[in-house]
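Below is one structure, written out as structure tokens; the observations come after it.
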Ligand code: GAP
């Protein structure tokens, strides 16, 4: 859910002084190793759009596949859907997006920059209980500290005597009319250039067909959810579902975000995994709401996100949309602050009623047992693939100390992905690349594993370096073919290999014939 996240950003974890901030390290690793690239980088990039390289594409596929298997295939009560990205424009009138999918925007008339009003913070500078000026800063992990420093600098430069009060940050949506001309623009540092906030609709518009007039306007969907409501009747008519049941979908969504930021956290093109769970209008919605919050939390933990980095945020009743009975966000402690990861909303029967009204087609369920017709209510867990990917990258990133081949301790970077999420499950190495027997055997082992899991063959450089390269991209297992494998150190070791575990660098000898049986249960 958009909106009142700002108050919580001040609880952000902070990096140590002189240390490269964690986010910078993650962004650099993602680019270097082929997880994430800026879209159209050779043309200077385009803000809010990202490309996923070879490892990023694998990681995302694993996230989607795990979610789809757990949400759809392993359950009897949920079916899948792939609806189109461009839908009838009336869908977005019915859903309320045309009229109300807005973010508050502020312009700086001097710099021509635009800001989201709820991400622009300001505070009065109060000396001896009197307001002497204002300071402003854009939302960051250190917004409060930045505002305090700016207030202190102002007081010192102007040689103002008296006691400076601690700043009380507010966001620009809360600025009074008389305060707006006094608040400095974060772009220029000078007051007087910021406009009052105004609504900015975030739907990306296009034209369908040969005409370029109002009749041809269409929208790239800002959420996948409306496909599930618009196809509700079609799915009911297939006869495959009985209440309670869900419709799940994974697909791209588009929002013309005013300020895309924090790497892939908030982009203009992103991918959602949403599920609409339809329940009886007489059912206890709070029970199902709780059920889905717990389900989502457990799913995140199974995807490798530590429980300690997750928390819940209940939207205050007065800030809920008029149709919502309750919304809870699962929050994740990102390096830039505790932020929404997964929203679980109890939406009542608002969406089905709206689509019935705008389309003229009744969207009801007939309860055969009780001979009763009604409009079902819905619980909606909605999450972004990109946001889960970022949370997984942030929680998996780790630097530890490990001895190299000569016993010297060195720092290694390791992504501790859950094996079922890791892009590459197992890497296979010949100990030496100039021994054809080792190379041939290693390639044969790789072919043995290939049908069962994503595997990788590497013979370049020392074995220690090869392990480190796999640690850095989160490969949970490495298999090395050595002279023991060839039977040169005794017949009892013939056709055994070294299996090395990423997290503790432990090594054990296992038979080639046992490899699939050992690895498969751990990576599925
Ligand atoms: N159908 C409800 C809905 O779309 P939302 O809270 O706006 O609700 C759901 O979005 C989830 O989609 C968010 O929790 C987040 O994980 C992801 N998401 C939303 N906007 C995003 C953006 N601009 N970039 C990346 N992910 C986004």
Determine the distance separating the Cα centre of segment 412-428 from the Cα centre of segment 469-524; give it in Å without decimals. 15 Å
If r is the Cβ-Cβ distance from residue 282 to residue 174 and R0 is 35 Å, what FRET efficiency results, to the nearest 0.05? 0.30
State, to one decimal in nm, how far the label point of residue 182 lies from the label point of residue 294, with both points 7 Å from Cα in the Cβ direction. 5.2 nm
Full-stretch length increase - residue 405, residue 501 - with 0.36 nm per residue and alpha-carbon distance subtracted: 33.0 nm
The chain: Cα Rg divided by the 2.2 N^0.38 Å rule of thumb: 1.15
Dimensions (Å) - segment 424-523, Cα atoms, principal axes, largest first: 32, 29, 25
Helix 285-302: inclination vs the chain longest Cα principal axis, degrees, rounded to 10, gives 40 degrees
If the chain between residue 37 and residue 367 were fully stretched, how many nm would it gain, using 0.36 nm times the residue separation less the Cα-Cα distance? 113.7 nm
Rg over Rh of segment 167-219, using C-alpha atoms and the Kirkwood radius, what does it come to? 1.28
Measuring from label point to label point, each 7 Å out along Cα→Cβ, what is the residue 301 to residue 204 span in nm? 3.7 nm
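What relative contact order, as a whole-number percentage, does segment 312-368 give when Cα pairs under 8 Å and 6 or more residues apart are counted? Show your work: numbers first, answer last.
Values: 67 pairs, mean separation 14.5, N = 57.
Here the relative contact order equals 25 percent.
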Taking the number of other C-beta atoms within 10 Å as the exposure measure, put 483, 101, 232 in order starting with the fewest. 483, 101, 232
State, to one decimal in nm, how far the label point of residue 112 lies from the label point of residue 358, with both points 7 Å from Cα in the Cβ direction. 3.5 nm
Efficiency of FRET from Cβ geometry, residue 47 and residue 433, R₀ 41 Å, rounded to 0.05: 0.40
What angle do you read, to the nearest 10 degrees and between 0 and 90, between the alpha-carbon axis of helix 54-68 and the longest principal axis of the chain? 70 degrees
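Kirkwood hydrodynamic radius (Cα pairs, Å) of segment 107-175?
Result for segment 107-175 stands at 12.6 Å.
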At 222 nm, what value in deg cm²/dmol follows for the chain if DSSP H runs of at least 4 each add -39500 (n - 2.57) and the sum is divided by all its residues, to the nearest 500? -8000 deg cm²/dmol
Sort out for me the Cα centre separation of segment 429-456 from segment 284-330, rounded to whole Å. 45 Å
Return a whole-number percent for the relative contact order of the chain, with Cα pairs under 8 Å and 6 or more residues apart as the contact set. 13 percent
Arranged by the count of other C-beta atoms within 10 angstrom, fewest first, what order do 478, 66 take? 66, 478
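Only the coordinates and a few stated rules stand behind these numbers; no lab work does. The shown structure was predicted, so the numbers you read here are calculated from the model rather than taken from an experiment. A quick note on method: Cβ atoms are made from the backbone with ideal geometry, for glycine too, and the neighbour counts reach across all protein chains shown.
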